[in-house]
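> Got a structure for you, questions after.
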Amino acid sequence: MTTITHFLKQFSDRHLQFKDKPAIAVGIVLTAILLYSVTIAAYPTIIYPWYSNTEEFPYIQEIIRFSAGDFRQEFFDIPGTPLMAIGTLLWSSYYWLLSLLGNSDTTQGIRYFSFKHMQELYLLMRIISYLFYILSVVLTYKISARLTNWVGGLVSALMLALSPIYSQTLWHLRIESTSLGFVLLAVWLILLALEHKSYKLYLLSGVMAGLAMATRYPSISAGIPILLFYCAFYPHVFTNQIARRINQVAFGAIVLCVVIGGGQALLVKSGLLAPNFLTDFFFVTSQGDHPKAIAPIQKLWILLLFTIAPASLFLYLIPKTKGFFQHLVHSSAITVSTGFIGGLFLGLPTILWSKEYFLSALEAFSTRNQATQPLMENFFNVVYFFMFGALNMSSTTSLPPEVGIFYLVWDTILFFIGLFLIVFRRIKFFYPIVLVAILGISVQYGKLQTTRHIIAWLPYFLCIIALPVAVFYEKLKLIFQNKKIIYRLFPVALLVFVFITGYKMSYVNLLSVKTIYHDKIMKIHEMDQWLNTNLQASDRVFHVCCEPVNQDAILSWMQSSGIKVPKGVQQSERSKIWFGDKETLLAAQQGYIVIGKLSFQIPYIDYYKKIRPESVTDPFNDPTFKLETEVPGEFGNSFIVYSFDFRSSNPKKSEL
């Protein structure tokens, strides 16, 4: 008995005490955070039917394309290529494993297998997205704990898991968690590199930042700047000859590309050079018609030509600056930049042979950005929107609340206290965090955005919020050295307080999920039944994008994107996905639209009123549309079917 008691005492003293590195306690809290995120945010949406949201299928169609050996990527909207590549690798491995085990569905090839097991493919991708979510929470703890202490790390991790902005991304397969995972990997690696002065770690941090951008383009402002800021505040020059030689070659290659790309852009704009293979390769020209995409690329090449190239030449030729230039070439900043470029092309190789699709996506983004007000004209609106959100945050019968970074009183107060501590205590290690947090707000471009777009910078704000908490905990340890129970209970009480105050908004968002998606997911079959009973096979039905739709609508879109759907999988070609614009309906002349009663106004009517008024489709007030039926949902967000006929001059809207 004495032996057992002694063993338990030793185990308690070693593992269950709140010391400087309470690994067991931290592990328990992080596990609780992740279990909470599963039960509240991820479930049950992770097992929703595969056709429950049209925002998911572009990734799936590219995985089906890649799995069949066709790497001509067509979806570049985000673009999400690293996530697609991971999904392709795992799905192909799963297919070949079942093939070796003699599964009969594998005999007709992986394309047939994918369509046969579509729900499993969607589940795999949703799980991958959630695993990156877990990774991001853990890395937020690691980074924040390294900047502050373990208490600050846990506060940051819990706040990220509770964030309504971030939890929304688990409602369906999205790219934000993957992108944030790569961003945080880059930051974690640069912090390790600063400690160990490791060339490999510097290089890998750049690679992760490149993969983050390849996953989601705007992440470029969240990843590579913070790495370069750390390299600037804590410069390191490599003495290893191999590292120096790699940097020299990489820097020379960068300058050479700038000279070639910039020179071609200048000659093409001057009319002195005709489009050719090399100009196409550098995206200076295009075989397609993408002027809004090509123009900014040309300007960027010319800007680089007149900055990087002459600055490098100037620094190298002048004796007084030649030493500085050599230090720069052999520095960690060049190593990180080299890794970034390598990571970008590693994560986005398809851009080389799917250039036209990439330019089309870039042009679409350019058009949307130009539709918003310039940043300086609505600077305060942008800052307020992304920091504090918009819409009625108590509403559970409309769209999810647009919660900003700060949605509680105490987190706002702690943020400004954190800034005060960083500035007046001159905490240099936090300077890059603050600078990139400011950059994150600055690069947003208007209220046509959603606060979800700030996710890549969210952990930086949370680290600043956690700083005052960590400082206060250290003060408690000094004051109550002989009363350990006080400062040991503080982290527990603090985490309970953070959870209780932050839970409500997460719960409101959960209700919003039920309002928007769950209602209609449960009613898809009823809506389909009405369409099959009342419509002919030749009728055209347009299902609004980003809503639950039937299977045939998604399969039709895949067909139009070059994905061959096996025979017998698609029941009808009647259903199409529609983006809420009037031009599509005018081209069809007559047909039907299926929309959400509560979720059509803001994303479509209000959106087009702001960016393209002539494209507004308002079936609620336009007499061209005739109300045919409504499939009511339990929470009020029902399916509504309207017919339209633009051949008729003055149709009247009927009643139910």
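The values are calculated or read from the model by the stated rules, or taken from the named source; none is laboratory data. Here the structure is a predicted model, which is why all the values come from computation and not from measurement. All Cβ positions, glycine included, derive from the backbone under ideal geometry; neighbour counts span all protein chains shown. Just the protein is used for accessible areas: all its heavy atoms, side chains included, with ligands, DNA and RNA removed. Shrake-Rupley method; radii C 1.70, N 1.55, O 1.52, S 1.80 Å.
> Looking at (1) open to solvent by less than 20 Å² (accessible area, probe 1.4 Å); (2) of a type in the set (Phe, Trp, Tyr); (3) out of contact with any Ser or Thr (no Cβ under 8 Å at 6 or more places or on another chain), which one does Phe113 not meet, given that it meets all the others?
(3)
> Same structure, new question: Within the range 88-109, identify whether any single residue is of a type outside the set (A, V, I, L, M), farther than 30 Å from Lys564 by Cα and free of Cβ contacts under 8 Å to residues at least 60 places away in the same chain, and answer yes or no.
Taking the range 88-109 as the starting set, the residues that turn out to be of a type outside the set (A, V, I, L, M) are 88, 91-96, 99, 102-109.
Then drop every residue that is not farther than 30 Å from Lys564 by Cα, which leaves none.
The answer is no, given that none of the residues of the range 88-109 is of a type outside the set (A, V, I, L, M), farther than 30 Å from Lys564 by Cα and free of Cβ contacts under 8 Å to residues at least 60 places away in the same chain.
> So which residues in the range 548-578 are part of a strand (DSSP E or B), open to solvent by 10 Å² or more (accessible area, probe 1.4 Å) and either in contact with a Cys (Cβ under 8 Å, 6 or more places away or on another chain) or over 25 Å from Thr617 (Cα atoms) (or both)?
Applying the first criterion (part of a strand (DSSP E or B)) to the range 548-578 yields 575-578.
Filter once more, so that each one left must be open to solvent by 10 Å² or more (accessible area, probe 1.4 Å): 576-577.
Result: Ile577, single match.
> When you scan the range 73-94, do you find a residue that is acidic (Asp, Glu), open to solvent by less than 60 Å² (accessible area, probe 1.4 Å) and farther than 30 Å from Arg425 by Cα, even just one? Steps first, please.
Narrowing the range 73-94 to residues acidic (Asp, Glu): 74, 77.
Right, trim to open to solvent by less than 60 Å² (accessible area, probe 1.4 Å) and you get 74.
Still in the list and also farther than 30 Å from Arg425 by Cα: 74.
There is at least one residue in the range 73-94 that is acidic (Asp, Glu), open to solvent by less than 60 Å² (accessible area, probe 1.4 Å) and farther than 30 Å from Arg425 by Cα.
> Restricting the range 607-621 to residues that are assigned to a helix (DSSP H, G or I) and crowded, with 17+ Cβ neighbours inside 10 Å, which is nearest to the chain's Cα centre (by Cα)?
Here is the first cut: in the range 607-621, the ones assigned to a helix (DSSP H, G or I) are 607-611, 613-615.
Next, from what is left, pick out any that are crowded, with 17+ Cβ neighbours inside 10 Å: 607-608, 615.
Values: Tyr607: 21, Tyr608: 24, Ser615: 28 Å.
Filtering first and then ranking leaves Tyr607.
> Of Ser52, Ser37, which residue is modelled with pLDDT under 85, in a loop (DSSP other than H, G, I, E, B) and more than 19 Å from Lys564 (Cα to Cα)? Show your work before the answer.
On the way: Ser37 fails: in a loop (DSSP other than H, G, I, E, B).
Criteria check complete, one pass: Ser52.
> I want to confirm something. Restricting to the range 585-606 and keeping residues that are under 29 Å from the mean Cα position of the chain (by Cα) and open to solvent by 10 Å² or more (accessible area, probe 1.4 Å), which single residue is farthest from Tyr51 (Cα to Cα)?
Initially, the range 585-606 is screened for residues under 29 Å from the mean Cα position of the chain (by Cα), giving 594-606.
Subsequent filtering for residues that are open to solvent by 10 Å² or more (accessible area, probe 1.4 Å) retains 597-598, 601-604, 606.
Values: Lys597: 19, Leu598: 20, Gln601: 22, Ile602: 22, Pro603: 20, Tyr604: 20, Asp606: 26 Å.
Looking at the filtered set, the residue picked out is Asp606.
> Next up: Please go through the range 151-199 and pick out each residue that is closer than 24 Å to Pro44 by Cβ, among the hydroxyl-bearing types (Ser, Thr, Tyr) and under 14 Å from the mean Cα position of the chain (by Cα).
Tyr166, Ser167, Thr169, Ser177, Thr178
> Turning to a different aspect of this structure: Of everything in the range 37-52, what is over 16 Å from Ile165 (Cβ atoms), out of contact with any Lys or Arg (no Cβ under 7 Å at 6 or more places or on another chain) and open to solvent by 30 Å² or more (accessible area, probe 1.4 Å)? Give them in sequence order.
Val38, Thr39, Tyr43, Pro44, Ile47, Pro49
> Among what's in the range 249-262 and is within 13 Å of Ser337 (Cα to Cα) and in contact with a helix residue (DSSP H, G or I) (Cβ under 6 Å, 6 or more places away or on another chain), pick the residue that is surrounded by the fewest Cβ atoms within 10 Å (Cβ to Cβ).
From the range 249-262, those within 13 Å of Ser337 (Cα to Cα) are 249-255; that's our starting set.
Imposing the further condition that a residue be in contact with a helix residue (DSSP H, G or I) (Cβ under 6 Å, 6 or more places away or on another chain) reduces the set to 250-251, 255.
Working: Ala250: 19, Phe251: 21, Val255: 16.
Within the range 249-262, the match that is surrounded by the fewest Cβ atoms within 10 Å (Cβ to Cβ) is Val255.
> In addition: Please indicate, with yes or no, whether at least one residue in the range 196-209 is in a loop (DSSP other than H, G, I, E, B), aromatic (Phe, Trp, Tyr) and open to solvent by 10 Å² or more (accessible area, probe 1.4 Å).
no
> Pairs needed: first member in the range 185-209, hydrophobic (A, V, I, L, M, F, W, C); second member anywhere, surrounded by fewer than 24 Cβ atoms within 10 Å (Cβ to Cβ) and not in a helix (DSSP H, G or I); C-beta distance under 6 Å; at least 6 residues apart or different chains.
Close Cβ pairs (under 6 Å, with a partner that is surrounded by fewer than 24 Cβ atoms within 10 Å (Cβ to Cβ) and not in a helix (DSSP H, G or I)) amount to Leu194/Tyr234.
> On to the next question. Looking at Ser167, Ser144, which is the one that is open to solvent by less than 20 Å² (accessible area, probe 1.4 Å), modelled with pLDDT of 95 or more and closer than 28 Å to Thr501 by Cα? Write out each step before concluding.
Numbers: Ser167 fails: modelled with pLDDT of 95 or more.
Among Ser167, Ser144, only Ser144 is open to solvent by less than 20 Å² (accessible area, probe 1.4 Å), modelled with pLDDT of 95 or more and closer than 28 Å to Thr501 by Cα.
> For the condition under 14 Å from Ala222 (Cβ atoms) and either at pLDDT 90 or above or assigned to a helix (DSSP H, G or I) (or both), what is the one hit in Ala186, Ala157? Let's see the steps before the verdict.
On the way: Ala157 fails: under 14 Å from Ala222 (Cβ atoms).
Just one listed residue meets the conditions, Ala186.
> Same structure again: Output the number of the condition that Trp530 fails; it satisfies all remaining conditions of (1) at pLDDT 85 or above; (2) closer than 30 Å to Ile63 by Cβ; (3) part of a helix (DSSP H, G or I); (4) among the aromatic types (Phe, Trp, Tyr).
Result: Trp530 passes all but (2).
> Tell me which residues, restricted to the range 43-75, are among the aromatic types (Phe, Trp, Tyr), within 29 Å of Lys520 (Cβ to Cβ) and in contact with a helix residue (DSSP H, G or I) (Cβ under 8 Å, 6 or more places away or on another chain). If you could, list the steps in order and put the result at the bottom.
Residues of the range 43-75 among the aromatic types (Phe, Trp, Tyr): 43, 48, 50-51, 57, 59, 66, 71, 75.
If we keep only those that are within 29 Å of Lys520 (Cβ to Cβ) too, we end up with 43, 48, 50-51, 57, 59, 75.
The answer is Tyr48, Trp50, Tyr51, Phe57, Tyr59, Phe75.
> Here's a follow-up. Identify, from the list Leu421, Leu344, the residue that is open to solvent by less than 30 Å² (accessible area, probe 1.4 Å) and modelled with pLDDT of 85 or more.
On the way: Leu344 fails: open to solvent by less than 30 Å² (accessible area, probe 1.4 Å).
It is Leu421.
> Right, here's the next one. Out of all the residues in the range 428-447, is one or more farther than 14 Å from Val155 by Cα, of a type in the set (Lys, Arg) and either modelled with pLDDT of 90 or more or in contact with a strand residue (DSSP E or B) (Cβ under 6 Å, 6 or more places away or on another chain) (or both)?
Residues of the range 428-447 that are farther than 14 Å from Val155 by Cα, as a first pass: 428-447.
Imposing the further condition that a residue be of a type in the set (Lys, Arg) reduces the set to 428, 447.
Subsequent filtering for residues that are either modelled with pLDDT of 90 or more or in contact with a strand residue (DSSP E or B) (Cβ under 6 Å, 6 or more places away or on another chain) (or both) retains 428.
Yes - at least one qualifying residue is present in the range 428-447.
> In this structure, does Ile593 turn out to be more than 16 Å from Asp645 (Cα to Cα) and in a strand (DSSP E or B)? Reasoning before the result, please.
Working: more than 16 Å from Asp645 (Cα to Cα): no; in a strand (DSSP E or B): yes.
No; evaluated as a whole, the condition is false for this residue.
> Right, next: Looking at the range 170-195, which of its residues are surrounded by fewer than 23 Cβ atoms within 10 Å (Cβ to Cβ) and acidic (Asp, Glu)?
Within the range 170-195, Glu195 is the sole residue that qualifies.
> Still on this structure, please answer the following. Read through the list (1) open to solvent by less than 50 Å² (accessible area, probe 1.4 Å); (2) touching a helix residue (DSSP H, G or I) at 6+ places or on another chain (Cβ under 9 Å), then give the number of the only condition that Leu278 fails.
Against the list (1) open to solvent by less than 50 Å² (accessible area, probe 1.4 Å); (2) touching a helix residue (DSSP H, G or I) at 6+ places or on another chain (Cβ under 9 Å), Leu278 comes up short only on (1).
> Given the condition farther than 27 Å from Leu194 by Cβ, surrounded by fewer than 19 Cβ atoms within 10 Å (Cβ to Cβ), at pLDDT below 95 and not polar (S, T, N, Q), answer yes or no: does some residue in the range 453-461 qualify?
As a first pass, look at the range 453-461 and keep what is farther than 27 Å from Leu194 by Cβ: 453.
Pick out the ones that are also surrounded by fewer than 19 Cβ atoms within 10 Å (Cβ to Cβ) and you get 453.
If we keep only those that are at pLDDT below 95 as well, we get 453.
Filter once more, so that each one left must be not polar (S, T, N, Q): 453.
Yes - at least one qualifying residue is present in the range 453-461.
> Quickly run through the range 581-621 and pick out the residues that are over 27 Å from Glu402 (Cβ atoms) and of a type in the set (Asp, Glu). Please lay out each step first, then the result.
Applying the first criterion (over 27 Å from Glu402 (Cβ atoms)) to the range 581-621 yields 583-592.
Listed by number, the list holds a single entry, Glu583.
> Quickly run through the range 634-647 and pick out the residues that are over 15 Å from Phe542 (Cβ atoms) and either without any contact (Cβ under 8 Å) to a residue 24 or more places away in the chain or in contact with a strand residue (DSSP E or B) (Cβ under 8 Å, 6 or more places away or on another chain) (or both). Steps first, please.
The initial filter retains those residues of the range 634-647 that are over 15 Å from Phe542 (Cβ atoms), namely 634-638, 647.
Correct list: Asn637, Ser638, Arg647.
> Just give me the residues in the range 347-374 being at pLDDT 80 or above, open to solvent by 70 Å² or more (accessible area, probe 1.4 Å) and assigned to a helix (DSSP H, G or I), in sequence order. I'd like the intermediate steps shown before the answer.
Here is the first cut: in the range 347-374, the residues at pLDDT 80 or above are 347-360.
Restricting the remaining residues to those that are open to solvent by 70 Å² or more (accessible area, probe 1.4 Å) gives 352-353, 357.
Selection gives Leu352, Tyr357.
> Quickly run through the range 473-498 and pick out the residues that are touching a residue at least 12 places away in the same chain (Cβ under 8 Å) and either in contact with a Leu (Cβ under 9 Å, 6 or more places away or on another chain) or part of a loop (DSSP other than H, G, I, E, B) (or both).
The answer is Tyr473, Tyr487, Phe490, Pro491, Leu494, Leu495, Val498.
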